[in-house]
Amino acid sequence: MGTLRNSVHLIGRPGADPEIKSYGDRKIARFSLATNEKHYNDKKELVTETEWHNILAVGRTAEIVEKIVRKGRLMAIEGKIQTKQYEDKDKNKRYFTEILMDEFMLVDKMSNDDEQKSDKE
């Protein structure tokens, strides 16, 4: 058996425009991505459950994200899951999980406003 790979594929919509930060000549983009799953409950009612994912893009990918990713746009992403640890103000260990995005593709069409923003940048 070959090497196992940490890989995740998601299709969803950003909950807000990405937050962009620059560290020297390197950019980092962060945003939350909502994915929906529909199923029928015990009462035969269609239920939609939304899961939120923390997305991180770095370098060239972050630069592209800054130009074209907007709140509500349907997108497909590929990346890997990573868990980070930190200490809160009370010295308790806390963990959070995020997706380090390698590649993405917008699934819906760009609106005229988005095209104009992209052309200006």
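Restricting attention to the stretch 62-102, which residues are closer than 17 Å to LYS21 by Cβ and open to solvent by less than 30 Å² (accessible area, probe 1.4 Å)? Passing the criteria: ALA62, VAL65, VAL69, GLU98, MET101.
Return the residue satisfying two criteria in turn: it lies in the stretch 44-57 and is under 12 Å from the mean Cα position of the chain (by Cα) and among the hydrophobic types (A, V, I, L, M, F, W, C), and of such residues it is surrounded by the fewest Cβ atoms within 10 Å (Cβ to Cβ).
TRP52
Among the candidates GLU19, GLU78, the residue that is at negative phi, acidic (Asp, Glu) and without any contact (Cβ under 8 Å) to a residue 60 or more places away in the chain is uniquely GLU19.
Inclusion of ALA76 among residues that are more than 19 Å from THR97 (Cβ to Cβ), in a strand (DSSP E or B) and among the small types (Gly, Ala, Ser) is warranted. Looking across the stretch 23-43, the residues that are assigned to a strand (DSSP E or B) and loosely packed, with under 11 Cβ neighbours inside 10 Å come down to TYR23, GLU37, LYS38, HIS39, TYR40.
Contact map, the stretch 81-93: residues that are of a type outside the set (S, T, N, Q) paired with residues that are open to solvent by less than 100 Å² (accessible area, probe 1.4 Å) and outside any strand (DSSP E or B), Cβ distance under 7 Å, separation 6+ or inter-chain. Pairs shown: ILE81/ASN6.
For the stretch 97-121, enumerate the residues that are modelled with pLDDT of 60 or more and either aromatic (Phe, Trp, Tyr) or in a loop (DSSP other than H, G, I, E, B) (or both).
Going through the stretch 97-121, the residues modelled with pLDDT of 60 or more turn out to be 97-111.
Within the stretch 97-121, PHE104, VAL107, ASP108, LYS109, MET110, SER111 qualify.
Look at the stretch 36-54 and say how many of its residues are in contact (Cβ under 8 Å) with a residue 24 or more places away in the chain and within 14 Å of GLU98 (Cα to Cα). Number satisfying all stated conditions: 3. Filter the stretch 1-22 down to the residues that are among the small types (Gly, Ala, Ser) and in a strand (DSSP E or B), then identify the one that is farthest from MET75 (Cα to Cα). Checking each candidate, the answer is SER22.
The values are calculated or read from the model by the stated rules, or taken from the named source; none is laboratory data. Since the model is a prediction, treat every value here as computed from it, not as a measurement. Note: ideal-geometry Cβ built from the backbone for every residue, glycine included; neighbour counts use all protein chains shown. In case anyone asks, the SASA skips ligands and DNA or RNA and just uses the protein heavy atoms, side chains included. Shrake-Rupley method; radii C 1.70, N 1.55, O 1.52, S 1.80 Å.
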